[in-house]
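*Asks:* Got a structure for you, questions after.
The values are calculated or read from the model by the stated rules, or taken from the named source; none is laboratory data. Here the structure is a predicted model, which means the values were calculated and not measured. Note: ideal-geometry Cβ built from the backbone for every residue, glycine included; neighbour counts use all protein chains shown. Please note that ligands, DNA and RNA were not included when accessible areas were found on the heavy atoms of the full protein model with its side chains. Shrake-Rupley method; radii C 1.70, N 1.55, O 1.52, S 1.80 Å.
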Amino acid sequence: IYMILGIGADDAFILYDAWLQSNYGEDDTASWQSRFAWAYRRSFSAMQVTTATTCGSFVIGACSPLPQVRDFCIFAAIVVFVDWLFCESFFASAMMLHHKYLKNDRTGECGGPGCCCGFWRVAWKKCKGKREVTGDAPSQQTSDRTTDKRWLERFSEGPLFNFLFKWRFVWIIFWSLAAIAMVISAAVQLRTAEESAPIGREGLDTIRGIEIMLDEFSVGDTRYASVIWGLDKDEPIEEWGSSHDDNVARLNAGTAAPVTTPTGQMEILNLCRATDKGKASNSLRCKTTECLVMGQAAAEQCDKDETIWKRYGVYLPDDIMCNSGRYCFMEEFARYWIYHVDGAACTAASTATACGAATGCLWDDSLSVCYTEKTEHDYTGLAADEFVSILASSDYASYLATRTELMTNNGFDFDTYNDAQMSGYRLNSAKTALSLAWVGFNATYPLQNTVDEANDWYDRWDEFHKTYCPNVGGVQTSELYVFMATQNAMVQAAVMGIGMSLLISFVVLILVTWNWWVASLGLLNIIAITCVFLGIIPLMGWSLGENECIFLIAVVGLSVDYTVHLLHVYHHCPHSTRVARSREALAEMGVSVINSAATTLLAASILFGCGFYFFFQFGAFIFFVIGFSIVMSITLLIPLLSTLGPQNTQGNLPEVLCCKHREKKQKGQDSNKSAAASSK
């Protein structure tokens, strides 16, 4: 809304100032209809150019895969287009209705009847001995036309242009060095964001209360990484919901099938057990970011509670503080099979004699139980059909329920929740095939990362996955990658948006002016504005987060307007020299762009008082972009035009094409004459 306020004010000033400038024509007898036709033709083409370039910039951003960027750009493009329609239709009609029916009534004017300053107006008129102006209409002999230019137009045409022309080389050199310095500043200091933007200013009680609540009652400091089989790798989400639980996954049973093979089962076990190598082996597990997995650094498995294992065949760490760093459904399946299936003869023995007679069984006198001497490490894999049938069996479901109850009763409540979330499997509706499986790990990556750091973590986890589970496939993922992927897409969208917006601006200028020279100078000025703003971003303490990338997509669209308006007048100016055309451009369009910029800057400055950070940042973005745009359009573009601008018909594409055609035709005629002379 604030952005379109500035663009709408720009279009309104262009049309209204064109109407006022129609008073300055040489034909004093021209009707108001003729004057309006002239003003409408001039402003229509000017607003059409700026609307096309601005809408084009936002249409490019609307192609972004990120919803927040896409929605913003679609909304902005529609609003800019609708604003142009309203200015060309509603505002133009209202302006003529005012001229025809309300012009002689000073109601609504500053100092007119009904104004809060009306008393001082009357007092001033009385003191000067002049006729007091009232709401009555003036006499019919009074003309509504004036040939006197407004003071800002006289200032732009005279002192301002003379100053800019006198110091034109200084201005060109200054802004060239400033643009280079800002590019260096952006290249050296501009970095991607390490965290999401804050909600608002810490000094406000409401904002501070929200941040404290999020810090104290959030579990966001727990970091996990997962490996998943059964998702479609290219498009894993079929339908996005309002939360993780509402998301609808797009399954691909073909990617889960390898898990059910003996090789797949053993590779998943190998992947899970790799963390037991601890810190000494490739820094796999420890409690610092030096390792991948968060857990004990010792190269060993946590000792199991022997009593629970012998009695129930369930593995629980003997020390509740021992952290293996992993959640693996395949390990639980191997323990179940070893104890309850392969060791069924042991569990069936109720006496020491029967236990001793069974092969591979041990008896515990204190517990009076018989259990297998094998461990999960003796598991070698099962055929796919047998593996799936056990997963679907009620006995295995009963085993998992017993395990959950034992974990809860022995103080592993948090691990029970994590285990259910971080590892598991899903079968198809017929219970005949595996459709989804996943294992999880406690991760050590920091909560705040730049995109480069997040990419490094992705590479490390990807290497870990491919090293210990090379043939089963699957996708490794983490919450970290959501931020990483978003930031990567944001930066790509910003770079693409800037590049494509500059291209669109150049193409539109070419199509409107049919002059490559004018279009090139305009493109040079827009690039300089963009470079200066890029360099300002790190100086303000900003980094490339979601907000900043959205701003960069819009920076060209917002900075192009004043440049295009000045170039439009320069190109259509009847004068032949570049100095006269530059003076005319500043005199005719300077008042419009200055008034428009002042309106937008004042509107943006109101946002500086907002407590929410996005509004504050958005206000700063509009303020700086519009500020640099108006300043550089006047102090860089005008010196460039007065120094390097085309004269007469220089740079006109029709002239260039016609000249080439004439030259080619002349060469053909000369060659024909030469051939005829030689034949004679």
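*Asks:* Compute the distance from the alpha-carbon center of segment 32-92 to that of segment 551-599, in whole Å.
*Replies:* The distance from the Cα centre of segment 32-92 to that of segment 551-599 comes to 17 Å.
*Asks:* For the pair ALA345 and ASP71, what calculated FRET efficiency results from E = 1/(1 + (r/R0)^6), where r is the Cβ-Cβ distance and R0 = 60 Å, to the nearest 0.05?
*Replies:* The computed FRET efficiency comes out at 0.40.
*Asks:* Around PHE86, what is the net charge, scoring Lys/Arg as +1 and Asp/Glu as -1 over all other residues with Cβ under 14 Å from its Cβ?
*Replies:* The answer is -4.
*Asks:* Using amide H atoms built in the peptide plane, which far-off residues or other-chain residues are under 5 Å from VAL369 H to H?
*Replies:* Amide H to amide H, under 5 Å and 5 or more residues apart or across chains, VAL369 pairs with ASP364.
*Asks:* Would you please state which residues of segment 352-390 a label at ARG311 would reach in this model, taking the label point 7 Å out along Cα→Cβ and a backbone N cut-off of under 15 Å?
*Replies:* So the set is 364-371.
*Asks:* Taking the Cα-to-Cβ direction at GLU373 and at SER576 and moving 7 Å from each Cα, how far apart do the two end points lie in nm?
*Replies:* Reported label-point gap for GLU373 and SER576 is 11.2 nm.
*Asks:* Another question, if that's okay. Whole-Hz ³J(HN,Hα) for each residue in segment 418-432, computed from phi via Karplus 6.51 cos²θ - 1.76 cosθ + 1.60 with θ = phi - 60°, x for glycine and proline: what do you get?
*Replies:* Each residue's phi maps through the Karplus curve to give 4, 5, 5, 7, 8, 8, x, 7, 9, 9, 6, 4, 8, 6, 10 Hz.
*Asks:* Please report, as a whole percent, how much of the solvent-accessible surface of segment 391-494 comes from carbon and sulfur atoms (probe radius 1.4 Å).
*Replies:* After summing per-atom areas, the C and S share lands at 50 percent.
*Asks:* Distance check, please: which entries in LYS279/LYS466; LYS233/LYS466; LYS279/LYS310; LYS277/LYS431; LYS374/LYS466; LYS279/LYS304 exceed 25 angstrom between their Cα atoms? Walk me through the intermediate numbers first.
*Replies:* On the way: LYS279/LYS466 19 Å; LYS233/LYS466 15 Å; LYS279/LYS310 31 Å; LYS277/LYS431 36 Å; LYS374/LYS466 29 Å; LYS279/LYS304 21 Å.
Pairs exceeding 25 Å: LYS279/LYS310; LYS277/LYS431; LYS374/LYS466.
*Asks:* I've got another one for you. Explain nothing, just compute: Karplus ³J(HN,Hα) = 6.51 cos²θ - 1.76 cosθ + 1.60, θ = phi - 60°, for every residue of segment 343-360 in order, whole Hz, x for Gly and Pro.
*Replies:* Rounded to whole hertz, the list is x, 4, 5, 5, 5, 7, 6, 9, 10, 5, 5, 5, 5, x, 6, 7, 6, x.
*Asks:* While we're on this one: If R₀ is 41 angstrom, what is the calculated FRET efficiency for the pair SER366 and LYS431, using the beta carbon separation as r and rounding to 0.05?
*Replies:* 0.55
*Asks:* Once amide H atoms are placed 1.01 Å from N in the peptide plane, what residues at a sequence separation of 5 or more from GLY295, or on another chain, have their amide H within under 5 Å of its amide H?
*Replies:* Amide H neighbours of GLY295: CYS286, LYS287.
*Asks:* Something else: Return the FRET efficiency for the residue pair SER394, ASN455: r is the Cβ-Cβ distance, R0 is 45 Å, and the value is rounded to the nearest 0.05. The partial results should precede the final answer.
*Replies:* Details: r = 46 Å, r/R0 = 1.02.
Between SER394 and ASN455 the formula returns 0.50.
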